[in-house]
Each structure stands twice: as structure tokens, then as C-alpha cells.
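Beneath this line is the structure, given in C-alpha cells, with notes to follow.
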Amino acid sequence: MNPRDPARAGTAEADAERWDAGQEGEAVKSVPLRHPWRNLIAVLLLVLLAIFVIDAAQREDYGWADVGKYIFDKRISAAALVTLQLTVYAMVIAITLGLVLAIMRLSPNPVLKSIAWLYIWIFRGTPVYVQLVFWGIVPLIYPELTLGIPFMTPWVSVPNSIFTNLFVTAAIGLGLNEASYMSEIVRAGLLAVDRGQEEASRALAMSWGQTMRYVVVPQAMRIIVPPTGNEIISMLKTTSLVAAIPLSIDLYGVSRGISAVTFTPVPLLIVASLWYLLFTSVLMVGQHFIEKRFSRGSGQRREGKEADHQGREAATGPEMTPIGNEAGGKG
């Protein structure tokens, strides 16, 4: 019987025979594409990196001896601790205030929504360095904090001792600026959760607090955590701008002060950079594990099913669609 017989063309038997003939053919051997230019560029970049490292190691202007001398200096270590404290305090302020601003942006109250929008507009629209300069001169503008009716004798008047503490001023200034960015991150995470989740929670007689705690926030954290980790790393480096207040007990301020006395600016810049790299590396590792923790169950089952389906296909061949009078097919 010839499957190419015109009289049998288009019949179920001819289709089945053509399928069997295709199955008996030789397996297709796939050859991966070669990328010679990619390999060439990779080798070229490695050669350039090696040349730079060898050249830098031989240049006396880098002052590697001074780098080794000051890398574990007690003054540098203490300044690194101050930088970490500034980062933590500023991020606590930013996350707390950012959450409040995000809720205000999502509120149906137009007044709260407008106030939150105005705050974000001002603090995102002006440079952080300019803001820190302003917070540094607040004690000159407001030497006293007063409470009362305008144009009348104040009821309470106390000295402005908050902004005279430069460390507190730096933490507040950095936190208030970062809050404008954190509010948008939190708002994006909350909006990404489908409203049907909240409606289903209400149908189960869950309160608003229970809905946020057990349903909305755990799902939103998968979106909130990655950019929050980036903001923490960015805040660590932004602390170098507190010299605008002026605060000089942070890592960059102390290294700059030592270099001004020893006339070794390049080695001290390298020392500060190495400490910043150490902190950011630790934060990046922590961010990786936190993201892994909050991403459990998202996409894993789907990937497992796809892998299992591909494995079965590789072992038994693709599934044949029923045709003709075969079981399940249409006659």
C-alpha cells in the first residue's frame, strides 16, 4: 500500500502511515551555534583587565603601602561603624514614613493624597545634597521650636536641640529624602496584589489587619524587597554626602581628614572604597537570601511541570493528536 496513492490521499490511514514513516526516520542532531566574536571579546576584556591590574600594582602613586597601613586603622574602623549606623537609622525612618505615605497615596481622602503627593514631589525633585545643606542650617533659621497661634505669643518655646546634633540631623535628612522613594516602592507592591485577594479575604470574614498581614503584604513583599535592598545599598553610599551638613565622622569624612594631614589622598580613597565594597557585598548576599525567602512558591511548580513535560517528551516523543476514527478523534 502506497501512502502517496492519490485515491487514499487525505484519509486517516494515509495520515497514520505518514506519521509512522516520520517516526522511523533518523533523529535530528542539533549543533549549538558558535559565537567566535563573543569569545574574542571576552578574551580581549580579560587581557585589558590583567594589563590594568599589573600596571596599577607597579604604580607608586596608588600608595599600596599606605593602603595596607590605614585599611585597619582604628579611626577608619570607627568611622565605618558610624556609616553603618547612619544607614540603619535613615532606612528605619525611610521605611516607616514611606509606608505611611504609600497608604496616604492610596487613601480615598483627597487631602491626604495631595499632601503625600506634594511631599514626594518636593523630596524627589530636589538633590539630596541640597536638602542636607538645608537641614544643616535649620538651627540658624529656627533657633527655637515654638507652638502656638501665628502672630501671637507662643504657648511653648524650647531650644532647637535636635538639629544641633549633626549625627541626628544627618539621619533625619537622609531618611526624609529616602522616604519619598520608599513610598513609591511600597505603593507599587501593594497595587500589584490583585484586588480579588482582598475581596476573597473579606468573604472569609477576615479583618483589614488580617487581610494585610496574611494575604496582601506577603504577596507584595516579593515586589517590595528587591528594590528595597537596592535602596539600602544606595543609602550606604549616599552617607558620604553628609559632609554637606557638615558631619565628618563618617567613613568618607574620616578618610578625607586623614589624607589632608598625611597628603595621601589616593590611598585613603582606596581604603574608603574597599570598606564600602565590603559592606555592599554583605548587603547583596543578604538581599539574595531574603529575595529567595519571599519568592518561595512563585513559579517553582510551573517550572517543575514544564521540566517534567519536556522529560516525558524526550523519552516517549511528542504526543500524537488523535485523528480520523482513532479513539477520541472525530470521524
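The values are calculated or read from the model by the stated rules, or taken from the named source; none is laboratory data. Worth saying up front: this structure is predicted, and the values here are computed from it rather than measured. When we count neighbours, we look across all protein chains shown, and the Cβ atoms used for this are built from the backbone with ideal geometry, even at glycine. What goes into the accessible areas is simple: the full protein's heavy atoms, side chains included, and nothing from ligands, DNA or RNA. Shrake-Rupley method; radii C 1.70, N 1.55, O 1.52, S 1.80 Å.
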For this session: Return a yes/no flag: does region 37-50 have any residue that is touching a residue at least 12 places away in the same chain (Cβ under 8 Å) and not small (Gly, Ala, Ser).
Result: no
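To keep it simple, each residue is scored yes or no on (1) modelled with pLDDT under 75; (2) among the charged types (D, E, K, R).
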residue: Arg8; (1), (2): yes, yes
residue: Ala14; (1), (2): yes, no
residue: Glu17; (1), (2): yes, yes
residue: Ala27; (1), (2): yes, no
residue: Asn39; (1), (2): no, no
residue: Ala42; (1), (2): no, no
residue: Leu48; (1), (2): no, no
residue: Ile71; (1), (2): no, no
Exercise. Which ones in region 41-68 are within 13 Å of Val266 (Cα to Cα) and either open to solvent by 90 Å² or more (accessible area, probe 1.4 Å) or of a type in the set (Phe, Trp, Tyr) (or both)?
Worked result: Arg59, Glu60, Asp61, Tyr62, Trp64
Seminar exercise, completed: For region 85-132, the count of residues that are of a type in the set (A, V, I, L, M, F, W, C) and open to solvent by less than 60 Å² (accessible area, probe 1.4 Å) equals 14
Seminar exercise, completed: Apart from one, (1) open to solvent by less than 40 Å² (accessible area, probe 1.4 Å); (2) under 16 Å from Thr83 (Cα atoms) all hold for Leu283; the odd one out is (1)
For this session: Restrict the check to region 207-219 and report whether at least one residue is open to solvent by 20 Å² or more (accessible area, probe 1.4 Å), closer than 22 Å to Glu291 by Cα and modelled with pLDDT of 90 or more.
Result: no
Problem set entry | Residue that is out of contact with any strand residue (DSSP E or B) (no Cβ under 9 Å at 6 or more places or on another chain), farther than 24 Å from Pro265 by Cα and touching a residue at least 60 places away in the same chain (Cβ under 8 Å), where the choices are Thr83, Thr87 | Thr87
Seminar exercise, completed: Among residues of region 133-144 being farther than 16 Å from Phe167 by Cα and outside any helix (DSSP H, G or I), the residue least open to solvent (accessible area, probe 1.4 Å) is Pro143
Seminar exercise, completed: Scanning region 244-255 residue by residue, those open to solvent by 30 Å² or more (accessible area, probe 1.4 Å) and farther than 17 Å from Arg75 by Cα turn out to be Pro246
Seminar exercise, completed: For region 256-276, pairs from a residue that is more than 12 Å from Arg75 (Cα to Cα) and open to solvent by 50 Å² or more (accessible area, probe 1.4 Å) to a residue that is part of a loop (DSSP other than H, G, I, E, B) and hydrophobic (A, V, I, L, M, F, W, C), with Cβ under 8 Å and 6 or more apart or across chains, are Leu274/Ile71
For this session: Among the residues of region 176-235, count how many are under 30 Å from Leu278 (Cβ atoms) and among the hydrophobic types (A, V, I, L, M, F, W, C).
Result: 12
Problem set entry | Checklist (1) open to solvent by 50 Å² or more (accessible area, probe 1.4 Å); (2) at pLDDT 90 or above; (3) not in a loop (DSSP other than H, G, I, E, B) applied to Ala79, failing item | (1)
For this session: Would you check if Leu236 is within 24 Å of Ile71 (Cα to Cα), open to solvent by 40 Å² or more (accessible area, probe 1.4 Å) and modelled with pLDDT of 90 or more?
Result: no
Exercise. Just one of Thr153, Thr146, Thr211 is touching a strand residue (DSSP E or B) at 6+ places or on another chain (Cβ under 9 Å) and over 30 Å from Gly253 (Cβ atoms); which is it?
Worked result: Thr146
Exercise. Restricting to region 162-198, what's the tally of residues that are out of contact with any Leu (no Cβ under 9 Å at 6 or more places or on another chain) and farther than 30 Å from Val217 by Cα?
Worked result: 4
Exercise. Do we find a residue being open to solvent by less than 50 Å² (accessible area, probe 1.4 Å) and either at pLDDT 80 or above or within 18 Å of Leu84 (Cβ to Cβ) (or both) anywhere in region 311-326?
Worked result: no
